[in-house]
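Worksheet: the structure to be examined is printed underneath.
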Amino acid sequence: MEIVAETAAPLLRGNEGAADREREWVERARAGDHEAFGELVRMHRAKALGLAGAMTKDAYLAEDIVQEALIRAFLHLGTLTDNGRFAAWLQRIVRNQAYMKLRRGGPYGNERPFESFKPAAQEQGGGAADPQSVDWFDIDSILFHLAGQAQEASRNSVNPEQCLIRKETLQGIHMLIRCLSKKERDIFEARFFGELPPQEIASLFGTTTAGVYNSLSRSRAKLQKERLRISIGLYVERRAALGLPRKKILAPPP
Amino acid sequence: MAFAPEKDWSKTWTSAAWAVHGAVSYTDKKHLSLVDVMGFTGHAFRMNVDPEIMHIAAPTMFPGGYILRRNLCNLGFTSNLADPMSPIPPEKLDKVMALVHDSIDRGIPAIAFDLFIPEFGLIYGYDDEKQLFHGKDVSKDGTFPYSKFADPKIDLLFVTTIGESLPHSKYEMLRMALSTIVDHARGKEWMHVFEGKFVQGLAGYEAWAGVMEARRADETGNAFNVAVFADAREFAARFLSELAFRWDGGNVVERTVRYRAEEAAKHYEEVAACLSELREMFPFPQGGTPKDPETADRAVKLIRNAHAAETKGVEQLEALFHFMKEYYSETWIN
């Protein structure tokens, strides 16, 4: 049944064909296909923007809502049971996001998006720093690396399913980032770190969110530690998966 | 002097040589003593001087990768090197850690820098469950987390591991050692980023005397430098004496090595004696009073005496080096 539907899809250029194509994109995006999610974003972005714009009557806010919705959609892509319902699902997320923003009282409410913290932070971080040169989230390379690591781990691991899920998540996050604009990325990065456990966020970001960017250099150092921590964790896992010794202590040197 | 207690030849102030010797002692070349390692690597003959204040860090301010690779090469080993700049990218961290793990799995500790203090040390064990390395340097034998290893305080993550052990002959070993020693003494050693900041080899003595004459010597730094140099030259003299003793054959090579090494040893003993006196004047870490004019002037005399003796020593070693590249005729009738 399904096979027939898929092979027949290109022949049918109607609504049905578009739905099938979309189902295929979702399927592929869930399997970690870079292009597929980009395609989904392109397909639904305009529509989602229209919906958010109609609800908020604010083009900038609408854009923020769509960005966040896409991020949420991506992070929870795995929970979508019916591949064919991506559009409806995304719209529901957009709607929820918009309601949430509106309820908080106008643009941003109490929770300003990441970006609005930045200029102040840069001032405090020292006038000498050129804002253009402050690229302290080298998140692209982090994620690209972690995805590769996880993929390798999944090949050898005793629990390949778990590793595969991680691989897809990481690969996916990386892929998502690549089809976002600079502004979108900034917000996404906040989300990325938002996925960490609360204690780690506290130590990573200080006690309050407002204080987060008070010191860019401190953040950079902590980010480096964090990526190393993750990297070390994966390295150790990979060694275990390859069946290498867990522990070896030679006689102490003379 | 005659009543001075015999030096403990298993300890040295040159941590690089200590670490190399430590690692080598896990290989098929474990018969190499610390004296051998100090000599063949050239560490016994090093002098790396900060011409401003005799800075404490100067003795270890050399391109570590290059020097350690040459050290191991001289001893007949291939080696591996990691020295990525910090912050360390994750994919490079993996490779550096794999270098350490692999070496320990092969039964040989990895040589690293700044385990507990900024000196060379050995990583001789790992525990993946606890994410801990076991390491030892001159200050401490203990553990430290992988995360600390990954986040070095200095600006690079330095690891050298021993690769394959090659069957170098005693001739190759001596020739390579002399090449290293002479290069360093004549200031021809590659200094990389340290070029122009430090003065090496024989010229180091004059730089040191200059600091003394300018009364700019940092107490602790000067004392540390003296401690390192005096210790090194004691090893140098011992190494050369042992060389002369071991090359006991009758052919022209054995005879020449024996003669040159014996001659050089005498000069290096004199160097060591001068430095030993300086070491008593400037005990580490207090360092005495190197800025005091009278003390400084006395020191300058000893430094120049050491310089003169070492110059003669280097001439012998240079002559031996040339000989080792093209032996003289066993018999010459003309």
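One table, with the values for the structure above:
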quantity: Qualifying positions in the range B:46-72 - part of a helix (DSSP H, G or I) and closer than 14 Å to B:Val199 by Cα; calculated: B:Ala58, B:Pro59, B:Thr60
quantity: Subset of the range B:114-126 [away from chain A (no Cβ under 14 Å) and either buried (at least 24 other Cβ atoms within 10 Å of the Cβ) or β-branched (Val, Ile, Thr) (or both)]; calculated: B:Ile117
quantity: B:Lys301 being surrounded by fewer than 21 Cβ atoms within 10 Å (Cβ to Cβ), in contact with a His (Cβ under 6 Å, 6 or more places away or on another chain) and under 26 Å from B:Tyr205 (Cβ atoms); calculated: no
quantity: Test: B:Arg216 is out of contact with any helix residue (DSSP H, G or I) (no Cβ under 8 Å at 6 or more places or on another chain) and either in a loop (DSSP other than H, G, I, E, B) or of a type in the set (Lys, Arg) (or both); calculated: yes
quantity: Some residue of the range B:101-119 being among the acidic types (Asp, Glu) and in the same structural domain as B:Glu195 (by TED's automatic domain parsing); calculated: no
quantity: Check on B:Leu93, closer than 28 Å to B:Val182 by Cβ and either buried (at least 22 other Cβ atoms within 10 Å of the Cβ) or more than 14 Å from chain A (Cβ to nearest Cβ) (or both); calculated: no
quantity: Matching residues, the range B:133-179, being open to solvent by 40 Å² or more (accessible area, probe 1.4 Å), within 14 Å of chain A (Cβ to nearest Cβ) and either more than 19 Å from B:Val96 (Cα to Cα) or among the hydrophobic types (A, V, I, L, M, F, W, C) (or both); calculated: B:Val138, B:Ser139, B:Lys140, B:Asp141
quantity: Sole residue being more than 23 Å from B:Arg175 (Cβ to Cβ), open to solvent by less than 50 Å² (accessible area, probe 1.4 Å) and among the hydrophobic types (A, V, I, L, M, F, W, C), chosen from B:Ala237, B:Ala227, B:Ala265; calculated: B:Ala227
quantity: Any pair with Cβ under 8 angstrom, 6 or more apart, that starts in the range B:33-62 at a residue that is more than 30 Å from B:Glu242 (Cα to Cα) and ends at one that is open to solvent by less than 10 Å² (accessible area, probe 1.4 Å) and part of a loop (DSSP other than H, G, I, E, B); calculated: B:Ile53/B:Ala217; B:Met54/B:Ala217; B:Met54/B:Pro290
quantity: Any hit, the range B:149-161, residues being of a type in the set (Ser, Thr, Tyr) and touching a strand residue (DSSP E or B) at 6+ places or on another chain (Cβ under 6 Å); calculated: yes
quantity: Among (1) of a type in the set (Gly, Ala, Ser); (2) on the phi > 0 side of the Ramachandran plot; (3) more than 8 Å from chain A (Cβ to nearest Cβ), the one test that B:Gly107 misses; calculated: (3)
quantity: Tally of residues being touching a helix residue (DSSP H, G or I) at 6+ places or on another chain (Cβ under 9 Å), in contact (Cβ under 8 Å) with a residue 24 or more places away in the chain and part of a loop (DSSP other than H, G, I, E, B) across the range B:88-110; calculated: 3
quantity: Residue list for the range A:15-70, filter: over 19 Å from A:Ile93 (Cα atoms), of a type in the set (D, E, K, R), crowded, with 16+ Cβ neighbours inside 10 Å and modelled with pLDDT under 75; calculated: A:Asp33
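The values are calculated or read from the model by the stated rules, or taken from the named source; none is laboratory data. Being a predicted model, the structure only gives us computed values, none of them experimental. Counting neighbours? That spans all protein chains shown, and the Cβs are built from the backbone with ideal geometry, glycine included. Calculation scope for accessible area: heavy atoms of the full protein, side chains included, ligands and nucleic acids excluded. Shrake-Rupley method; radii C 1.70, N 1.55, O 1.52, S 1.80 Å.
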